[in-house]
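Enquirer: Once you've had a glance at the structure underneath, I'll fire off some questions.
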Amino acid sequence: MSPADLLGTPPSVLAAGAHLLTEALQSQAVPVLDVDFRPSETSDDVSAALHTVLSDPRRPTADARALAAMMGVRALLVDVLPASEALGLQPGQFLHAGPPLQWERASGPMRGALIGAMLFEGLATCAAEAEAKLAAGEGVSFSPCHEHRTVGPMAGVVSPSMWMFRLVDANDPERVAHCSLNEGLGKVLRYGAYGPEVITRLRWMADILGPALASAVRGTIAGGREIDITAIVGQMVQMGDEGHNRNRAGTLMFLREILPALIDSGLPTADVAQVAAFVSRNDHFALNLVMPCGKLMGDAAAGIPGSAVVTAMCRNGTDFGIRVSGTGDAWFAAPANTPQGLFLAGFGPDDANPDIGDSAITETMGIGGMVMATAPAIVRLVGGAVPDALAVTRRMYEITLGENPAFAVPILEFRGAPTGIDVTRVLRTGIAPQINTGMAGRVAGTGQVGAGLVTPPMDCFEQAIIALAAAVPST
Amino acid sequence: MSSTETTATTSHERVEFRPGSYHDSVTLLRVAQAAASTAGVSAAQVAMATELNVELTRGLGFTVPEEVTPQQLIVAIRAVDDAALTAALEAVDGALAAASAPAPGARADLEPPRTVRSAARSEPDSTITLLSVPGQQVLAEGLDAIAAGKHLMIFSDNVPVADEVLLKRRAAEAGVLVMGPDCGTAIIAGVGLGFANVLGGSTSGPAVGIIAASGTGAQQLSCLLDAAGVRVSHVLGLGGRDLSEAVGGASALTALQLLEDDPGTDHIVLVSKPPHPATAQKVLAAAASLRTPVSTVLLGTGNPDITSAVEVLLATLGVPTPNWTEWGTDRKIAADTGDLRGLFAGGTLADEAMIVAAAALGSIRSNIPLRPADALPTEALQPGRPVLTGQGHVVVDLGDDAFTLGRPHPMIDPSVRLGLIADQTADPQVRVILLDVVLGHCAEPDPAAGLAPAIRAAVDRDSALDVVVSLCGTESDPQDLRRQAEALVAAGARVYTSNSAAARNAATIARGGVR
């Protein structure tokens, strides 16, 4: 912005600090906007690091580059294929949500999902056997989805036989991101359930759903149509989905894209009907397309020296982890908070596991809880009223670098989604990113118990700023 | 501590530590005053638990645990009975609630901006950002302002010099002016920011623009010019460090160019303590290249005082010099000699008083000494309230960073100075108390009302004690210069509008009337 003519213009003031100064201006009939400044409540180490990062001459350019890279992604769905092919996963290799984790520290839902994946892959014949093998590390290994160009909702467990969406950035086809197919709600693997109905559904998804979607997607593309997920996200946000807890419009738009090719695929009509019914009845199906779109956006912004933009937020049910552009692949993790919200019949707060899943990539990309204002239909589900939702989104602009015009929020005059969470602003204001999330039962095998709101532990951002400060070259 | 905790509850005493309820120190001062003025309350403290405030609270006899953090709000009340204690706590809660009540017309779903950046987004046409946040946190908000193309006035003190250098470098790149840090005074297009006098002035004759690396220096200069009928177009503060070697006059150079380009300014005056030589050379070279004539008023030993400098300037402008107003100065001076105690809220006024008085009295000890040898010992400079007994002639600047860390400036909060006046009154070695009273926006609404009883108590002492007041203000100031002067004189003070005249008179009194 070009500076105002100081001496030739009647002053109009922004004031932060002592209100007495504001009153003196108001008594002179000068327009003043008071900033609700509050000193940051951080330790001296963190304050010193914040100071170093704020002083870093690279920061404005680096942040601008990171933001532009994040918003410049145009995610296209290009294929659906098994994880063994997509990621080269071998039998016994599993991916999981969140920052790195050892079995000993794994939560109930994470253990349940890994047990289910062992059963699904035929590596164990019962839960006890699966658990013993996992505990012993016998022929099994697991690592974070995020470290394999993948994101997974809730437990986020990926095994070689599961089918994956593959998305690429139209502007940089080297950039690829994957996500498994959404199983629906209730007793499902990603919430830690592993009963027979869970395994049966996974088999159907691997045998029928995955190949059918592959055929539909390939057919659509062969017919000359792109499946532009970024465009779908932009539209769903305008249609009342925030893209994390509500994906109803997105799911139907996706179905609209692929339905002609699905029908035309030559598959048995019974299979086509089953696939169409499964997708259209699962309001969360599109979440697994939104998430890899966010992963592409986060990865595009990663690794820019001097930038304090958050490129990933995720949880493994034990720890919350974040990654920041200027520190590349480093994880900053701290014990995850437990969501607050509403519970399914028969469950209560004591049943909820701490926060879990890579789905906070939706907030990282600027939607989900960040655009709560756009999704009045879910505001009550996550325990609030419509004005609260507006207030949450407005507050998120305090901690983000930019506004993404591709994801416009109609009720805020089509203001772009608050995008590019800035570690320095989170620490300056004490405002944590708002995350809308599902809640898994803390006991392995339970499944979903509710949905609600959660925030990252501030400790993640404090660790990040200290690492960012350490990476500032001394002048 | 995660919730309100109560300790040290005796029968009528209460100490609370409330987390997460930040208020600025000025607001809290008012809250504390609301509690203290409740009937039956003998001690009240409401303040953020900074190190200094914890010490002050302990000094009032309250027990404060070690683990208290600066993010907590201390509420400490002592009263004669439980009813008074309850009433005082209700007064605190009422005043806090009033302080955090939303502005009329605010929408519930529209929270106020939390950073300067978001404020600038919602008011894109704003021109100036005024910061009075804690010094360590100026950098973040200041960078926000500069990035948004806003000129910046930094009222805050205790800003690291490296931050000042960085902010001014970024400001130069962005083409904005940074006034400060520690800039208490500015007048832009007739609007006073911070401590600023209401200049009535004439509408004819030459208009002077003031660039000031000195807050009360600029106020004294502008008030004297105003009294002489000279128009002051703008006062641009620089903060005390702009002309240091490290900062290199970054803002002075910008300010010179702004006034050069301002069609409403005919003459520029730069008022400052003696700058670093290299910086002076750079700034004076820039000044010499302007079409607009530039005068400099350098404060320091051997240089003319502000009043003399104004008289030279008036001659340059072809404006006759008036008689600088004084009240109650015809009182006879007793022959007793003794120590001078200058208790100043204004740093430059303190400096000037020291220079003027030292010419008559020799060594004067101070927290801002003219020579290192004159520095007050550290044991005299206790946090909150210095102990000056036995230190000879003393002039203290109570607005110095060391005294203002974690509390309001003495031009807003008179409590420290009122206590010091009482201390000096009780000290038989003290012959004369010299005070500055600075009027204008942001200053106390009626300083004479608070000072009068203390002055009366001082001059009523058995042995001779005089009080001299340097009164810096204009006829148009909200406090009413004339009414303030009359109230101070009625209490027994001698009052001068020229600070150097006040200091000269005080020195004469200390010498038993010998000039």
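The values are calculated or read from the model by the stated rules, or taken from the named source; none is laboratory data. All of these numbers come straight from a predicted model, not from anything done at the bench. Cβ atoms come from the backbone with ideal geometry, glycine included; neighbour counts cover every protein chain shown. In case anyone asks, the SASA skips ligands and DNA or RNA and just uses the protein heavy atoms, side chains included. Shrake-Rupley method; radii C 1.70, N 1.55, O 1.52, S 1.80 Å.
Enquirer: Going by average Cβ neighbours within 10 Å, how do the peptides A:71-82, A:311-322, A:22-33 rank, with the highest at the top?
Expert: The densest-packed peptide leads the list: A:311-322, A:71-82, A:22-33.
Enquirer: Just to be sure I understand the interface: list residues from region A:1-22 that lose 50 Å² or more of accessible area between the chain on its own and the complete protein assembly, 1.4 Å probe.
Expert: A:MET1, A:PRO3, A:ALA4, A:LEU6, A:LEU7, A:PRO11, A:SER12, A:LEU14, A:ALA16, A:LEU20, A:LEU21
Enquirer: Ignoring ligands, DNA and RNA, what percent of the accessible area of region B:134-193 is carbon or sulfur (1.4 Å)?
Expert: Taking all protein chains in place, region B:134-193 shows 56 percent carbon and sulfur surface.
Enquirer: Using label points projected 7 Å from each Cα along Cα→Cβ, tell me how many nm separate A:ALA128 and B:ALA246, to one decimal.
Expert: Computed distance between label sites A:ALA128 and B:ALA246 equals 7.2 nm.
Enquirer: Let me ask you something else. Quick one: which residues, 5+ away or cross-chain, put their amide H under 5 Å from the amide H of B:LEU381? H built at 1.01 Å from N.
Expert: B:VAL387
Enquirer: Now a separate question. Per-residue mean of other chain beta-carbon atoms within 10 angstrom of the beta-carbon, peptide B:144-151?
Expert: Details: counts 6, 2, 1, 2, 3, 4, 7, 8.
Mean number of neighbouring Cβ atoms from other chains: 4.
Enquirer: What is the distance, in nm, between label points placed 7 Å from the Cα along the Cα-to-Cβ direction at B:GLU51 and at B:GLN382?
Expert: Inter-label distance under the simple model: 1.8 nm.
Enquirer: Are there GluC sites (Glu not before Pro) in region A:180-260 that DSSP marks as loop and that have at most 16 other Cβ atoms within 10 Å, and which are they?
Expert: Working: sites: A:GLU183, A:GLU197, A:GLU226, A:GLU242, A:GLU257; in loops: A:GLU183, A:GLU226, A:GLU242.
Here the sparse-neighbourhood loop sites are A:GLU226.
Enquirer: Another one. Starting with the highest mean, order A:43-55, A:295-307 by the number of other Cβ atoms within 10 Å, averaged over the residues of each peptide.
Expert: Numbers: A:43-55: 18.5, A:295-307: 24.8.
My ranking of the peptides, most packed first, is A:295-307, A:43-55.
Enquirer: Each residue of region A:429-438 in turn: what ³J(HN,Hα) in whole Hz from Karplus with 6.51, -1.76, 1.60 and θ = phi - 60°, glycine and Pro shown as x?
Expert: Going residue by residue, I get 9, x, 8, 8, x, 8, 10, 9, 8, x Hz, with x marking Gly and Pro.
Enquirer: Here is a follow-up. In chain B, once you exclude exposed GluC sites (Glu not before Pro) (DSSP loop, at most 11 other Cβ within 10 angstrom), what's the longest stretch remaining? Write down the numbers at each step before the final one.
Expert: Values: sites that count: B:GLU66, B:GLU67.
The longest uninterrupted stretch comes out as B:68-515.
Enquirer: Trypsin sites (Lys or Arg not before Pro), restricted to region B:286-389: which are DSSP loop and have at most 14 other Cβ atoms within 10 Å?
Expert: Working: sites: B:ARG291, B:ARG331, B:LYS332, B:ARG341, B:ARG365; in loops: B:ARG291, B:ARG331, B:LYS332.
Filter output for region B:286-389: B:ARG291, B:ARG331, B:LYS332.
Enquirer: Another question, if that's okay. For every helix of n ≥ 4 consecutive DSSP H residues, a contribution of -39,500 (n - 2.57) applies; sum these over chain A, divide by its total residues, and give [θ] at 222 nm rounded to the nearest 500 deg cm²/dmol.
Expert: Numbers: 17 runs with 174 residues, N = 475.
The helix contribution divided over chain A gives -11000 deg cm²/dmol.
Enquirer: Over 18 Å apart: what share of the alpha carbon pairs of region B:396-508 falls there, rounded to a whole percent? All intermediate terms of the calculation are to be shown ahead of the outcome.
Expert: Numbers: 3121 of 6328 pairs.
So the portion of pairs separated by more than 18 Å is 49 percent.
Enquirer: Might you tell me the accessible area per residue for region B:380-479, computed with a 1.4 Å probe and given in Å²? Spell out each step's value before the answer.
Expert: Details: 3280 Å² over 100 residues.
Averaged over the residues of region B:380-479, the accessible area is 33 Å².
Enquirer: May I pose another question? As an exercise, identify the chymotrypsin sites (Phe, Trp or Tyr not before Pro) in region A:376-453 lying in DSSP coil whose Cβ has no more than 12 other Cβ atoms within 10 Å.
Expert: Listed in order of number, the matching sites are A:PHE414.
Enquirer: Quick one: helix A:108-120 against the long Cα principal axis of chain A, what's the angle to the nearest 10°, folded into 0 to 90?
Expert: 30 degrees
Enquirer: What is the Cα convex hull volume of the protein assembly as shown when expressed per residue in Å³? Don't skip to the end; give the middle numbers.
Expert: Values: hull volume 180.5 nm³, N = 990.
Cα convex hull per residue, to the nearest whole number: 182 Å³.
Enquirer: Right, another one. Any idea what the relative contact order of region A:292-430 is, in percent, if you count C-alpha pairs under 8 Å spaced at least 6 apart? Let's see the in-between values first.
Expert: Working: 264 pairs, mean separation 29.4, N = 139.
This gives 21 percent for region A:292-430.
Enquirer: Let me ask something else. If each residue of separation counts as 0.36 nm, what is the full-extension length gain between A:THR200 and A:GLN238 once their alpha-carbon separation is subtracted? Please list the in-between numbers first.
Expert: Details: separation 38, 0.36 × 38 = 13.68 nm, distance 3.61 nm.
In short, 10.1 nm is gained.
Enquirer: Considering every residue in A:285-294, what mean count of other chain Cβ atoms within 10 Å of its Cβ is obtained?
Expert: Values: counts 0, 0, 0, 0, 0, 0, 0, 0, 0, 0.
The mean count of partner-chain Cβ atoms within 10 Å per residue comes to 0.
Enquirer: May I ask you to evaluate 6.51 cos²θ - 1.76 cosθ + 1.60, the Karplus curve with θ = phi - 60°, for each residue of region A:391-402 and list the ³J(HN,Hα) values in order in whole Hz, giving x for glycine and proline?
Expert: For region A:391-402, the Karplus curve yields 5, 4, 5, 4, 5, 5, 5, 5, 10, 10, 7, x Hz.
Enquirer: Report the FRET efficiency, 1/(1 + (r/R0)^6), for A:ASP172 and A:GLN90, where r is their Cβ-Cβ distance and R0 is 22 Å, rounded to 0.05. Can you show the working numbers first?
Expert: On the way: r = 28 Å, r/R0 = 1.29.
After rounding to 0.05, the efficiency reads 0.20.
Enquirer: Taking amide H positions as placed 1.01 Å from N in the peptide plane, with prolines and chain starts having none, which residues 5 or more places from B:ILE211, or on another chain, fall under 5 Å of its amide H?
Expert: Sorted by chain and number, the residues that satisfy this are B:LEU236, B:VAL269, B:LEU270, B:VAL271.
Enquirer: I need to check one value: relative contact order of region A:123-239, counting alpha carbon pairs closer than 8 Å and at least 6 residues apart, in percent. Working shown, then result.
Expert: Numbers: 80 pairs, mean separation 19.8, N = 117.
After rounding, I find 17 percent.
Enquirer: If you don't mind, there's one more thing I want to ask. Students often forget the sequence filter, so: which aspartates and glutamates lie under 16 Å Cα-Cα from B:LYS273 once same-chain residues fewer than 8 apart are removed?
Expert: Filter leaves B:ASP182, B:ASP242, B:GLU245, B:ASP305, B:ASP351, B:GLU352, B:ASP397, B:ASP400.
Enquirer: Using the Karplus equation 6.51 cos²θ - 1.76 cosθ + 1.60 (θ = phi - 60°), what ³J(HN,Hα) coupling, rounded to whole Hz, does each residue of region B:315-328 give in order, writing x for Gly and Pro?
Expert: 4, 4, 7, x, 10, x, 7, x, 7, 5, 5, 9, 10, x
Enquirer: Ignoring any ligand, DNA or RNA, what whole percent of the accessible area of region A:144-287 comes from carbon and sulfur when the probe is 1.4 angstrom? Walk me through the numbers before you get to the answer.
Expert: Numbers: 2820 of 5290 Å².
Within region A:144-287, the accessible surface is 53 percent carbon and sulfur.
Enquirer: What number do you get for region A:320-459 when its Cα radius of gyration is normalised by 2.2 N^0.38 Å, N = residues? Working shown, then result.
Expert: Details: Rg = 15.3 Å, N = 140, 2.2 N^0.38 = 14.4 Å.
Against the compact-globule rule of thumb, the ratio is 1.06.
Enquirer: For Cα pairs less than 8 Å apart in space and 6+ apart in sequence, what is the mean separation divided by the residue count of region B:278-417, i.e. the relative contact order in percent?
Expert: Values: 131 pairs, mean separation 30.0, N = 140.
Here the relative contact order equals 21 percent.
Enquirer: Follow-up question, since we're still on this one. Considering every residue in B:116-124, what mean count of other chain Cβ atoms within 10 Å of its Cβ is obtained? Let's see the in-between values first.
Expert: Details: counts 6, 8, 11, 9, 4, 2, 3, 6, 2.
Mean shielding count: 6.
Enquirer: Relative to the longest principal axis of the C-alpha atoms of chain A, give the angle of the C-alpha long axis of helix A:59-71, reported between 0 and 90° and rounded to the nearest 10°.
Expert: Tilt relative to chain A: about 40 degrees.
Enquirer: B:ALA99 to B:ALA373: extension gain in nm, 0.36 nm per residue of separation minus the Cα-Cα distance? Provide the component values of the computation, followed by the final result.
Expert: Working: separation 274, 0.36 × 274 = 98.64 nm, distance 4.59 nm.
Using 0.36 nm per residue and subtracting the Cα-Cα distance, I get 94.1 nm.
Enquirer: Which cross-chain or sequence-distant (5 or more) residues have an amide H under 5 Å from the amide H of A:PHE37, H modelled 1.01 Å from N in plane?
Expert: Placed amide hydrogens put A:GLY17 under 5 Å from A:PHE37.
Enquirer: Shifting gears a bit: If you take the accessible area of A alone plus B alone and subtract the pair, what total do you get in square angstrom, rounded to 100, with a 1.4 Å probe?
Expert: Buried area (both sides, nearest 100 Å²): 5400 Å².
Enquirer: Same structure again: Could you list, in their original order, any pairs among A:LYS133/A:LYS295; A:LYS187/A:LYS295; A:LYS295/B:LYS168; B:LYS150/B:LYS282 whose Cα atoms are separated by more than 29 Å?
Expert: On the way: A:LYS133/A:LYS295 31 Å; A:LYS187/A:LYS295 26 Å; A:LYS295/B:LYS168 39 Å; B:LYS150/B:LYS282 26 Å.
Cα-Cα > 29 Å for A:LYS133/A:LYS295; A:LYS295/B:LYS168; rest within.
Enquirer: Quickly estimate the mean residue ellipticity at 222 nm for chain B, helices only: each DSSP H run with n ≥ 4 gives -39500 (n - 2.57), and the total goes over all residues, rounded to 500. Don't skip to the answer; put the middle values down first.
Expert: On the way: 16 runs with 185 residues, N = 515.
Roughly -11000 deg cm²/dmol at 222 nm, from the helical runs in chain B.
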